[in-house]
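A.B. asks: I have a structure I would like to understand better, so I am pasting it below and will then ask my questions one at a time.
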Amino acid sequence: MRRLLAMLLGAALLLPLALLLLLSVSRQWTWPVLWPDRWQLRLWHDLLSDTAGIASAVARSLLMAIGVGLLATALGFPTSRRLARHRRRGRLLALIHLPYALSPVVLAVGLLFVFLKWHLAGHMAGVMLAQLIFAYAYAVILLSGFWNPRTDALVDLARTLGADGRQVWWRVLLPMALPMLTVCLFQTFLISWFDYPLALLIGSGQVQTLTIRLFEYFSSGDIRLAASCALLLMAPPLLALLVNHRLLSSAAAPHLETLDD
Amino acid sequence: MNRRPRPDPWLLLLLAMTIGPVVVALGFMLVYSVGGIGLLSSGWTLRYWGEALHDGETWASLGYSFAIGLASLALALGLALGLQAALGPQLRRGPLRSLLFVPLAIPALVAALVSVELFGNAGLLARLARAAGWIDMPNDFPSLLFTASGSGIVLTHVLLVGPFLLLLLDRLARHERVDELAWVARSLGASRWQAWRRVTLPVLLRAGMPTLSVYFIVLVGAFEVPLLVGAPYPQMVSVLVQRKFSQFDLASKPQAYVIGSVYALLAMALLMALFAWCGRRGISGDAR
């Protein structure tokens, strides 16, 4: 019984992916057949040869997501250390959740005037800055789990053995934190890669990301092209899953990241 | 001489990048909504607040958002708890161990697209129902999407959040050594159901509370899913704010700001109250 349930759950988990794959290679899928009537690979050919301009949207999204991920992780690591040592750590950690309480749409609507004033609205840099608000907060929440008594003890040990501040960072802390930094980099990459509302509102229609293109195809009824874009959107996290599922696992509960080590 | 300690630049940056935007956005929305600024501003007024607060759509949207958020979280949590109880260690074995992560690769936009193709009137479920001989035409299939009850939004959210919660519960179960606690309860005479209800469930819910609080607020403020599979009325608050903000009629902008301000204040107060509640009870998590 347990085995059957596990098999059913496994099939259900794969269903969305299978459905999107079928849609992206179907030419005709009429009611009420369960399987596409006719097949095609034209869509994928068009996508790869950039006939529909999707390759540039992918490149733009990738560039933005890599930038946001790198910045959020680079800023989040030292910040999380200061935060972990602060006497009001708990309150600060609670407070940096506030952007999530506001929702990206409400925050973007409220901040658009600042972005317009700074000439950042409608620009890639503006969208990245808006995404960084969420990514930076996430990075600090995730990485604050790294700073624990064991880390302190190792730092103390390194100092006792004669390491200076720089050596402690480069020889002790960074190598120790590398797996967690990789997770953080990937998760903050995904915050930008998956973003739609900030690209829509702060981008003001000028920043054509992959999610913006996906929405356009979806709302115009071009489901097959939308399905292909959806698969492109899912490709980086699925590839990461193949490499190491831990890269995705922290999304469920960032503050639990250190628990499974 | 008594010197005040210098503020930490990293913490200042953190506050400027996370709390700063929240304060600026909320401040701007409040000032705009009382006529302090704006293209149509003719001096300070509470007219927009009066209009928005007397408009049934505002309260319908706010109530609807919180109800949908609660229903989505409750159903997803119920599903995750049921699967965790039924499968237990099986979740960490074989292909299921990796497959559980696949839904984490699905963003909200894609989840909405999958919902349409699964639960729509001509979707896969309707086709299966036709193949089973239960319906003849697409219209015979019960409408699950674009309904005022929000069934499509809740279904999509459950698909999206359920696997996250299942992973969360599995990690918490290992961290809190729930299996060992339940084993102790059973060795003391508790039935399997009693051990789950009196030991496993309270331990998991207590430990997961901070994360569940964040999920709840995120679901209340959801945008993509209600935009794509929600009904035109009532609309969830993020969709309503975006709609009113993007209308050509400039007079609807202050109303968008009023609704945005009310929602922001409510959501922030609720999140802080939930975190404070967790803190008072000594529940560990991101809100300690």
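The values are calculated or read from the model by the stated rules, or taken from the named source; none is laboratory data. In this text, all values refer to a predicted model and were calculated from it rather than measured experimentally. Using ideal geometry, Cβ is built from the backbone for each residue, glycine included, and neighbour counts are taken over all protein chains shown. Note: accessible area is taken over every heavy atom of the protein model, side chains too, but ligands, DNA and RNA are not part of it. Shrake-Rupley method; radii C 1.70, N 1.55, O 1.52, S 1.80 Å.
A.B. asks: Can you name the residue in segment A:19-59 that is more than 26 Å from A:Ser192 (Cα to Cα), assigned to a loop (DSSP other than H, G, I, E, B) and aliphatic (A, V, I, L, M) and, of all such residues, is most open to solvent (accessible area, probe 1.4 Å)?
C.D. replies: Across segment A:19-59, the extreme among qualifying residues is A:Leu41.
A.B. asks: Filter segment A:1-29 for residues that are basic (Lys, Arg) and within 11 Å of chain B (Cβ to nearest Cβ); which is farthest from A:Arg224 (Cα to Cα)?
C.D. replies: Across segment A:1-29, the extreme among qualifying residues is A:Arg2.
A.B. asks: Now for a separate question. Report yes if some residue within segment B:111-118 is closer than 15 Å to B:Gln84 by Cβ and among the aliphatic types (A, V, I, L, M); otherwise report no.
C.D. replies: no
A.B. asks: Here is a further query. B:Leu219 is checked against (1) of a type outside the set (Lys, Arg); (2) in a helix (DSSP H, G or I); (3) more than 18 Å from B:Ala67 (Cα to Cα) and fails just one. What number does that condition carry?
C.D. replies: All conditions pass for B:Leu219, except number (3).
A.B. asks: Here is a list of conditions, (1) open to solvent by less than 20 Å² (accessible area, probe 1.4 Å); (2) under 15 Å from A:Pro78 (Cβ atoms), and A:Ala158 meets all of them except one; can you say which number that is?
C.D. replies: The single condition A:Ala158 does not satisfy is (2).
A.B. asks: What is the residue count in segment B:229-241 for residues that are assigned to a helix (DSSP H, G or I) and either in contact with a Ser or Thr (Cβ under 6 Å, 6 or more places away or on another chain) or modelled with pLDDT under 95 (or both)?
C.D. replies: Residues that pass the stated criteria total 4.
A.B. asks: Follow-up question, since we're still on this one. Given the condition open to solvent by less than 20 Å² (accessible area, probe 1.4 Å), in contact with a Pro (Cβ under 7 Å, 6 or more places away or on another chain) and either away from chain A (no Cβ under 11 Å) or free of Cβ contacts under 8 Å to residues at least 60 places away in the same chain (or both), answer yes or no: does some residue in segment B:69-90 qualify?
C.D. replies: no
A.B. asks: Here is a follow-up. Restricting to segment B:1-47, count the residues that are within 26 Å of A:Val140 (Cα to Cα), of a type in the set (D, E, K, R) and either facing chain A (nearest Cβ under 8 Å) or surrounded by 12 or more Cβ atoms within 10 Å (Cβ to Cβ) (or both).
C.D. replies: Qualifying residue count, segment B:1-47: 1.
A.B. asks: Here is a further query. Look through segment A:204-222, keep the residues that are in a helix (DSSP H, G or I) and surrounded by fewer than 16 Cβ atoms within 10 Å (Cβ to Cβ), and return whichever of them is farthest from the other protein chains (Cβ to nearest Cβ).
C.D. replies: So, considering only residues that are in a helix (DSSP H, G or I) and surrounded by fewer than 16 Cβ atoms within 10 Å (Cβ to Cβ), the one farthest from the other protein chains (Cβ to nearest Cβ) is A:Glu216.
A.B. asks: Examine segment B:203-210 for a residue that is open to solvent by 30 Å² or more (accessible area, probe 1.4 Å) and over 18 Å from the mean Cα position of the chain (by Cα), and state whether such a residue exists.
C.D. replies: Among the residues of segment B:203-210, at least one is open to solvent by 30 Å² or more (accessible area, probe 1.4 Å) and over 18 Å from the mean Cα position of the chain (by Cα), which makes the answer yes.
A.B. asks: Now a separate question. Looking at the structure I just gave you, is A:His97 at the interface with chain B (Cβ under 9 Å from one of its Cβ atoms) and within 13 Å of B:Val22 (Cα to Cα)?
C.D. replies: Considered against the rule, which asks whether it is at the interface with chain B (Cβ under 9 Å from one of its Cβ atoms) and within 13 Å of B:Val22 (Cα to Cα), A:His97 comes out as yes.
A.B. asks: In segment B:80-149, which helices (runs of 4 or more DSSP H) lie fully inside it and hold 2 or more residues that are modelled with pLDDT of 95 or more and either touching a Gly at 6+ places or on another chain (Cβ under 6 Å) or under 16 Å from B:Pro226 (Cα atoms) (or both)?
C.D. replies: Correct list: B:108-119.
A.B. asks: What's the number of the only condition in (1) more than 10 Å from chain B (Cβ to nearest Cβ); (2) within 19 Å of A:Val68 (Cβ to Cβ); (3) open to solvent by 10 Å² or more (accessible area, probe 1.4 Å); (4) not basic (Lys, Arg) that A:Leu201 fails to meet?
C.D. replies: Just one mismatch for A:Leu201, condition (1).
A.B. asks: Of B:Phe275, B:Phe223, which residue is within 25 Å of A:Gly205 (Cβ to Cβ) and either open to solvent by less than 20 Å² (accessible area, probe 1.4 Å) or of a type in the set (Lys, Arg) (or both)?
C.D. replies: Matching residue, one of B:Phe275, B:Phe223: B:Phe223.
A.B. asks: Applying the selection to segment A:123-155, what residues are open to solvent by 70 Å² or more (accessible area, probe 1.4 Å) and touching a Leu at 6+ places or on another chain (Cβ under 7 Å)?
C.D. replies: Residues satisfying the conditions do not exist here.
A.B. asks: What are the residues in segment A:30-54 that are of a type in the set (Phe, Trp, Tyr) and more than 14 Å from chain B (Cβ to nearest Cβ), if any?
C.D. replies: Passing the criteria: A:Trp39, A:Trp44.
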